[in-house]
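In what follows, a structure is listed as structure tokens, so that the remarks can point back to it.
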Amino acid sequence: MYLKSLEISGFKSFAGKASLSFTAPITSIVGPNGSGKSNVAEAFRYVLGEQSMKSMRGRRTEDLIWNGSRSTPKSNRASVKLRFDNTPHETEAGVRRLFDIDFDEVIIERIIHRDASSEYQLNGSPVRLKDIIELLAAAHIGASGHHIISQGEADRVLSVNTRERRGMIEDALGLKIYQYKKEESERKLEKTRENLEKAEGLRREIKPHLMFLSKQVQKIEKAQELANELAEKLIEYFAREHVHIERERTALSTEKKPLEDRMHTVEKELTHARKELERLETKDTTSDDLLKAEEELRTVRKEKDTITEETGCIEGEIVATKRQLEREAERRAKGDLRTVPWSAVSELHASVLKDIESLGSSEDVGAFKRIVATFKEKLTALIERFRGDDTPHAEEKELESTLKKLMAQKETLLSNRNSIEAREASLSDTYKKVQKTIEDDKDSGREMERTVFALSGVQQDIRLSLQTLSAREDALKAETEEWKRDIGEASALLGTRIAYEAQVATFRNEPVEDRHEQHERKRLIERMKIRLEESGLGGSDDLMKEYKEVGDRDAFLEREIADLYASADSLEGLIKELNTTLSLEFERGVEKINTEFQTFFSLMFGGGEAELALVKEKVKKEIMYDEDGEPILSPETDNEDTEPMLGVEIKVALPRKKIRGLEMLSGGERALTSIALIFAMSQVNPPPFVILDETDAALDEANSKRYGDMIENLAKRTQLILITHNRETMSRAGVLYGVTMDAHAASQLLSVSFTEAIAVAK
Ligand code: ATP
């Protein structure tokens, strides 16, 4: 037993709270006409998600809410709560829960308000109608209400058209879940197709714009390609230029230093050489020195000649004197030729005279005697002196003295000559030296001239080299500035990464190439720049962004279209599959029902034949939506035929009667036929509960009994709630509820005994 209780509050005639517990397989609800019994059955329909107001005997939502009476105000909400036991239990398919949710008790509640808002709750949590319907369908409690037979509706299964009947049978067979799935898939398919159309429409719409953008982007991409190429070229150019500048700078400083040093040295040497040359050139004193030396030499030589001459004379005199001396000596040797020099005699004379005169008038004999003695001495001396012995006489002596003098003179002359000769030699030496110096100076001068010339040449060469270096320095400076300027321009044109990458590229250490190549590169770069400028890359960001957006949108739509096609395909596949399953299961189910139907029918009529037959029909499906915008499942109309479908026809043949066809049956026969079919349907796939609202109304006593037996039989597999006035039916119930209408025109529920029930029913 799955059904535990029903709680009604504010629903239709139930103003207050009313509660029914279903503790027995069969529960009967009894009560006088108009007390609200059918409202209980409708409470079931309502809580199970019934959308048709008609089947709940109302026109508007409000009609379902307690409308108030003279004494009791109307309710603002109606709520019905149905409680199920959902503990796992043994089934043919194993241990299962009734509802596929992990709760031992499942409470479904539906609440509506006067403002027509409606809500569903599952175990206290708000859920959608769709969730409730799916949950119920899986538990074989369909919304078509095949298990809730309203008052006077027992033969509905006979009066509906073949398609509606098919729906009821599907529901009874538990195939509704496939039907729902199929319908849902069809809805999804339709939605998918709509979306597909929309997406394709959108794609078509953006296509021309995308094409336009694509062309623009192609141009931009080309320009971008050019820009990239240019960037590559620039990077290489800048890197090479950088390397070139650095190399040149290093080369210049390496080359310049020795040149400057050399220049310095050469300048020093040149200054020195020039000074030296000047000195040599201004050294004219050298010829003076030579003249002076010449003059001195000449004088000395003259002196020497004079001395030589004089010496010659002296030597002549010496020879003559010597010869005279020899002659004198010879004469002296002869002795008579001794001569007294006059001077000696005169000197004697003068001296004697002088002494005599010194006597004057003196008579002094002494004096006289002294004079005579002196005279004697003097005379003796004279005689002695010229006595003519070996001793050379005066002439000889004079000659000797002369000779001596002459010899001395000669000596002097000779010595003078020696010194003069020494001087001459020295002067000659000096002269030669001066002469040599002059020669040397001349040589040195010439040498120095050559040196100065050579050095000037070297200096000129160095100066030229330095000038070349300076020109190279200027060029390098200009190149460096140009390089920097170019980098600035390139960065502005293509972004600062250029400078960075060029810096990185300098480490590549490219082999040195001819400078001409770099100039060629520069020319190419300039041409590329012009081309890039002409291509108009500016403003491309916005366009690229737009292209990306539109492209993304297109790609998204393309993907979406592909996805939609894929899901349409899979939905079509699923629908096909569901159709196959449905028709297969349906045919099998109908077969089973037919067996049961035949059994119940012959039981009811004591024979005869009854069967369900499948007929082909064409239908068009139409989706309707409830007040919540939720699709209403399964309504079908036949405005236009679009799709073939099997409907179900009922064929009956009463025993002993020639009646074939439902139209010919009496009210009771119709009731019996429909009960037989309902029971057959319930038997094949028993729902958790079945509600029968006065299904037994038209039965006579004998049939009531049969009905009672069938009920008991049915109650073995399905919980039954029977609204009845039938005593027989009441007698089969385990629990009886009496519904009465109180003084406030509100329904009241109370548990009653069989006897009370009989009384209440009356
Ligand atoms: P019967 O035995 O004749 O079939 P019943 O017991 O099935 O009668 P119901 O049809 O369930 O009676 O109840 C109908 C009663 O409910 C009516 O009297 C009707 O006025 C009352 N009713 C229906 N809707 C409302 C409502 N919204 N507010 C108050 N009363 C309502």
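The values are calculated or read from the model by the stated rules, or taken from the named source; none is laboratory data. Predicted model only: the values in this text are computed from it and were never measured. Reconstructed Cβ throughout: ideal geometry from the backbone, glycine too, with neighbour counts over all protein chains shown. Each accessible area value is taken on the protein alone, full model and side chains, heavy atoms only, with ligands, DNA and RNA left out. Shrake-Rupley method; radii C 1.70, N 1.55, O 1.52, S 1.80 Å.
Filtering S570, S491 for residues that are free of Cβ contacts under 8 Å to residues at least 12 places away in the same chain, assigned to a helix (DSSP H, G or I) and open to solvent by less than 40 Å² (accessible area, probe 1.4 Å) leaves a single hit, S491.
Screening the range 730-740 for residues that are away from the ligand (no atom under 16 Å from the Cβ) and either part of a helix (DSSP H, G or I) or among the basic types (K, R) (or both) and picking the one that is least open to solvent (accessible area, probe 1.4 Å) gives R732.
Put simply, of I691, I711 the only residue that is in contact (Cβ under 8 Å) with a residue 40 or more places away in the chain, buried (at least 22 other Cβ atoms within 10 Å of the Cβ) and away from the ligand (no atom under 16 Å from the Cβ) is I711. Applying the set (1) open to solvent by less than 70 Å² (accessible area, probe 1.4 Å); (2) at pLDDT below 80; (3) part of a helix (DSSP H, G or I) to G445 leaves exactly one unmet item: (2).
Could we say that V434 is within 24 Å of E269 (Cβ to Cβ) and in a helix (DSSP H, G or I) here?
Working: within 24 Å of E269 (Cβ to Cβ): no; in a helix (DSSP H, G or I): yes.
No.
Of all the listed residues (V452, V372), the sole one being touching a residue at least 12 places away in the same chain (Cβ under 8 Å), at negative phi and assigned to a helix (DSSP H, G or I) is V452.
Of I206, I169, all but one fail to be open to solvent by less than 40 Å² (accessible area, probe 1.4 Å) and in contact with a Lys or Arg (Cβ under 7 Å, 6 or more places away or on another chain); the exception is I206. How many residues does the range 193-227 contain that are farther than 27 Å from A562 by Cβ and out of contact with any helix residue (DSSP H, G or I) (no Cβ under 9 Å at 6 or more places or on another chain)? Going through the range 193-227 one residue at a time, the tally reaches 1.
If you go through the range 78-93 and keep only what is open to solvent by 20 Å² or more (accessible area, probe 1.4 Å), over 23 Å from K17 (Cβ atoms) and not hydroxyl-bearing (S, T, Y), you end up with P88, H89, E90, E92, A93. If I filter the range 717-729 down to residues being surrounded by 24 or more Cβ atoms within 10 Å (Cβ to Cβ) and outside any loop (DSSP other than H, G, I, E, B), which single residue comes out as nearest to the ligand (Cβ to nearest atom)? Only one residue tops the list, namely I723. For the range 20-52, filtered to residues that are within 12 Å of the ligand (Cβ to nearest atom) and assigned to a loop (DSSP other than H, G, I, E, B), the residue that is nearest to H147 (Cα to Cα) is G36. Annotation note: Cβ proximity below 7 Å between a residue of the range 113-124 that is assigned to a loop (DSSP other than H, G, I, E, B) and a residue that is open to solvent by 50 Å² or more (accessible area, probe 1.4 Å) and among the aromatic types (F, W, Y) (sequence gap 6+ or interchain) occurs for N123/F103. Would you check which residues across the range 99-113 are open to solvent by less than 50 Å² (accessible area, probe 1.4 Å) and modelled with pLDDT under 90 and list them? Across the range 99-113, there are no qualifying residues. The numbered conditions (1) open to solvent by 50 Å² or more (accessible area, probe 1.4 Å); (2) within 16 Å of the ligand (Cβ to nearest atom) are all true for R96 except (2). For the range 653-687, a tally of residues being closer than 11 Å to M604 by Cβ and among the aliphatic types (A, V, I, L, M) returns 7. For the range 54-78, filtering for residues that are in a loop (DSSP other than H, G, I, E, B) and within 12 Å of the ligand (Cβ to nearest atom) leaves 13.
For the range 584-616, the set of residues classified as polar (S, T, N, Q) and either under 17 Å from V157 (Cα atoms) or surrounded by 15 or more Cβ atoms within 10 Å (Cβ to Cβ) (or both) consists of N594, Q598, T599, S602, listed by residue number. For the range 741-762, filtered to residues that are farther than 16 Å from L20 by Cα and among the β-branched types (V, I, T), the residue that is farthest from the ligand (Cβ to nearest atom) is T755.
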